[in-house]
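Just below is one structure, and these are the notes that go with it.
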Amino acid sequence: MTPPRCLSIATSDSGGGAGIQADLKAFTAAGCHGMTAIVGVTAQNTTAILATYPLPAWVITAQLEAVYADIGVDAAKTGALLSAEIVAAVADFLRDHPTLLVIDPVLRASTGAALLDPEAVEVLIGSLLPLAAVVTPNLAEARVLAGTDGDRRTLAERIVARGARAVVITGGDGEGSDLLFNGTDHVEIPIAWVEGTATHGTGCTHSATLTAELARGTALADAARHAAAVTAAAIDRGLVGIGEGAGPVAVAQSSAASQRVRTR
Ligand code: PXL
């Protein structure tokens, strides 16, 4: 019995709350084998991003080649990709290595720091979006990807028209639900309202959990419901005592997930 193999293509958060570190915790909690192609590094704690350093494209491609050549990938997700050059390198690789792909279109950290250069947005829309099984923007990111304003259904339809197969617009900004659009139907996914200040890593935890569920073969709507529930619980268990700022979410180990290993 081999656990599903999940890959995070994202940026390191030295504070351990978001990015690569959140993705690995979520993959592990979901009973998956987590792998990483690190695209860059942030010097970060719970209060701020103090420095950001993108890695050269060849180092990123080399990590992808190493993982795909030997281990294989059941599903991958992207997080903060920092630059247009990195987005293009990742898209070039994934075009040649068709992959069940979740895109978390991270534009900026909740503290405000940019995690994607403005000129990279068009590259992400043009080259990465068409490779996505599902994209997981929050409302602000959905407006940017759609290139327009409007209600969530309009934004979701526009994002799918731009090439993504499906979209989950997350509702952590107070909408009370996530909205899944699969190209045909809109599905409202109620989210439990959890009072919590330790919310750092929420979006990463959601998209990584969704990736893990898709990797094990769960249907999209069920995977999205599971990701919403795991994320709400992770905020509820959030580590308020870690750091002076927004502490990291704490994803719970799912005993069900660790038992549901996939047979190949
Ligand atoms: O949550 C988005 C995110 C992704 N990746 C890194 C981050 C953040 C938010 O702070 O720091 C590295």
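The values are calculated or read from the model by the stated rules, or taken from the named source; none is laboratory data. All of these numbers come straight from a predicted model, not from anything done at the bench. Note: ideal-geometry Cβ built from the backbone for every residue, glycine included; neighbour counts use all protein chains shown. Surface accessibility is based on the protein's heavy atoms, side chains included, excluding ligands, DNA and RNA. Shrake-Rupley method; radii C 1.70, N 1.55, O 1.52, S 1.80 Å.
Output the number of residues of segment 31-72 satisfying the condition of being within 16 Å of the chain's Cα centre (by Cα) and either of a type in the set (A, V, I, L, M) or under 16 Å from Ala109 (Cα atoms) (or both).
Number of matching residues: 5.
Tell me whether segment 2-9 contains one or more residues that are assigned to a strand (DSSP E or B), within 12 Å of the ligand (Cβ to nearest atom) and crowded, with 17+ Cβ neighbours inside 10 Å.
Yes, because at least one residue in segment 2-9 is assigned to a strand (DSSP E or B), within 12 Å of the ligand (Cβ to nearest atom) and crowded, with 17+ Cβ neighbours inside 10 Å.
Exactly one of these conditions fails for Asp104: (1) at pLDDT 95 or above; (2) within 16 Å of the ligand (Cβ to nearest atom); (3) surrounded by fewer than 21 Cβ atoms within 10 Å (Cβ to Cβ). Give me its number.
Every listed condition holds for Asp104 apart from (3).
For Leu116, all conditions in the list (1) without any contact (Cβ under 8 Å) to a residue 60 or more places away in the chain; (2) more than 16 Å from the ligand (Cβ to nearest atom) hold save one; what is the number of the exception?
Among (1) without any contact (Cβ under 8 Å) to a residue 60 or more places away in the chain; (2) more than 16 Å from the ligand (Cβ to nearest atom), the lone unmet condition for Leu116 is (2).
Would you point out the residue of segment 15-25, among those that are within 9 Å of the ligand (Cβ to nearest atom) and not in a helix (DSSP H, G or I), that is most open to solvent (accessible area, probe 1.4 Å)?
Result: Gly15.
For segment 178-201, check the following and say yes or no: at least one residue is within 21 Å of Gly34 (Cβ to Cβ) and not basic (Lys, Arg).
Taking every residue of segment 178-201 in turn, at least one turns out to be within 21 Å of Gly34 (Cβ to Cβ) and not basic (Lys, Arg).
Do we have Val73 as among the β-branched types (Val, Ile, Thr), more than 10 Å from the ligand (Cβ to nearest atom), open to solvent by 10 Å² or more (accessible area, probe 1.4 Å) and assigned to a helix (DSSP H, G or I) here?
It is false that Val73 is among the β-branched types (Val, Ile, Thr), more than 10 Å from the ligand (Cβ to nearest atom), open to solvent by 10 Å² or more (accessible area, probe 1.4 Å) and assigned to a helix (DSSP H, G or I).
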